[in-house]
1. Can you tell me which of Leu51, Leu27, Leu77, Leu68 is under 23 Å from the mean Cα position of the chain (by Cα) and open to solvent by 40 Å² or more (accessible area, probe 1.4 Å)?
2. Would you point out which residue out of Asp318, Asp269 is open to solvent by less than 40 Å² (accessible area, probe 1.4 Å) and under 30 Å from Ala358 (Cβ atoms)?
3. Just to be sure, is Ala287 open to solvent by less than 10 Å² (accessible area, probe 1.4 Å), at pLDDT 95 or above and touching a Gly at 6+ places or on another chain (Cβ under 6 Å)?
4. So is Val16 open to solvent by less than 70 Å² (accessible area, probe 1.4 Å) and either free of Cβ contacts under 8 Å to residues at least 12 places away in the same chain or not in a helix (DSSP H, G or I) (or both) or not?
5. Name the residue that is most open to solvent (accessible area, probe 1.4 Å), counting only residues in the range 290-315 that are part of a helix (DSSP H, G or I) and of a type in the set (Gly, Ala, Ser).
6. I'd like to verify a number: residues in the range 272-284 that are surrounded by fewer than 20 Cβ atoms within 10 Å (Cβ to Cβ), assigned to a helix (DSSP H, G or I) and hydrophobic (A, V, I, L, M, F, W, C), how many?
7. Name, by its number, the condition in (1) in contact (Cβ under 8 Å) with a residue 60 or more places away in the chain; (2) under 21 Å from Val192 (Cα atoms) that does not hold for Cys310.
8. Find the residue count for the range 157-171, including only residues that are in contact with a Phe, Trp or Tyr (Cβ under 8 Å, 6 or more places away or on another chain) and farther than 10 Å from Pro468 by Cα.
Amino acid sequence: MASQQDLIKATACAVVDQLNAGTVTPLDLLDALEARIKEVDDGQVNALPILCFDRARDAAKELMKKPLGQRGILAGLPVPIKDLTSVAGVRTTQGSTIYKDVVAAKSNVLVERLEENGGVIYAKSNTPEFGAGANTFNEVFGATLNPWDLSKSAAGSSGGAAAALASGTAWIAHGSDMGGSLRNPASFCGIVGLRPSVGRVASTPSVALARMVSVQGPMARNVEDLALMLDAMSGEHPADLISLPKLPTSFRSAVRAGTKPKRIAYSPDLGITPVDPEVAALTRKAAEKFAEAGVIVEEAHPDLREAHECFHVLRAYDFAISKLGLLRDHRDKLKPEVIWNIEEGLKLRVEDLAKAEAQRVTLAARAYEFFQKYDLLLCPATITPPFPIEQRYLAECNGTKFDNYVQWLGIVYAITLTCCPALSMPCGFTSTGLPVGLQVVGPPRGEASLLAGARVLEDILGLRDSTPIDPRPAK
């Protein structure tokens, strides 16, 4: 059997192959993770503040009663779940002191799906309070630090998941994304995170049957591992009325097919946001690498001019319908950004919502037309390199000051509004050695071609084995 250190460094797909061959067991993997968490997470990265190894080992032993090769897509691979999502018998704090002692009675259907497919849940990953804000800190567990530089943010709101992947305390991870919550942490931590199409991953409805701006999705260290996780997460479920049927061909096989795009577009800013010059240069250089594979590369983007206004309204509405009761009963326990979001939602009129929905229809239609010409759209995944952990959010960029704490995320939330799947993948490093992510956007419901194209570029860039790393002290 491989050493624990070798297991931690192995890809998720390689570990699943070993699980199916019987050369390693789910219990071996849990032992390796527990040791790695003690080594790098406790008192350092703080990515996985809630552990449930007893539950995981019980589940692993049950799974091991099944014959090899019949234990599901993940075959016993351990998976951490973001602390916004319920896991039966495990604390689900949502990063809030209001829920700091709540233990979930029932798992989200997403978790049930992962377990049915051979996933073993061993931890909950850290998230900002209610997932609000792209910097992972809260009053329950404190801040998650960036393994590349422990003085920097891991972004958010899936920051704990991204930092766990980067530091070797997870092979794959679950995240969620409204305004970049999968893509921003992937960019800051040098890993891969995918916002899939609405409905691709079934989830238990909470305040609305169709919350069209927020989705669940996979995170991993490389594109093929990401596809493996998406295969384990995807498929319709009767509890989620907008969930999509599972496709006849797996996403992992689509990645392995190696199909490359014919024509891609690159934009440094989508026409809507300032961008750090170094980030723009690195992402442009990476996009232009596609030409080495014979792909036509042009500078273009769809018209997204309404994105800021549209997203502000739809996000505020979502906060109002999901957290109004918290504002009434626990205002003193909510961080200022959450209060602001809820109150912005309470100001909305029907006319505001009608305009925002019409804008989103227009944005999605323009994106659909854009992808009649281009196979992929590439741009920065974040407009800045990782910033100091003490900085709650990015207040300005390249001389432009932002109106609120989410506006700096326009380059990702504009893509949210188009309903197109999008991922962030590593594309290079700043002069100080911090990772920069490239956002790769596919056509509507085009995860297979998106993942295949990203894998082609990943091969060209040669950054697949840049993680996991040991946490690095502040520079």
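1. After ruling out the rest, the residue left standing is Leu51.
2. Asp318
3. Criteria not met by Ala287.
4. On the way: open to solvent by less than 70 Å² (accessible area, probe 1.4 Å): yes; either free of Cβ contacts under 8 Å to residues at least 12 places away in the same chain or not in a helix (DSSP H, G or I) (or both): no.
Answer is no for this residue.
5. From the range 290-315, those part of a helix (DSSP H, G or I) are 290-293, 307-315; that's our starting set.
Those left that are additionally of a type in the set (Gly, Ala, Ser): 291, 293, 307.
Details: Ala291: 58, Ala293: 22, Ala307: 0 Å².
Residue satisfying both the conditions and the ranking: Ala291.
6. Count: 2.
7. Failing condition for Cys310: (2).
8. 2
The values are calculated or read from the model by the stated rules, or taken from the named source; none is laboratory data. Everything numeric here is computed off the predicted structure, so don't read it as measured data. Backbone-built Cβ (ideal geometry, glycine too); neighbour counts: all protein chains shown. Ligands, DNA and RNA are excluded from the accessible area calculation, which covers all protein heavy atoms including side chains. Shrake-Rupley method; radii C 1.70, N 1.55, O 1.52, S 1.80 Å.
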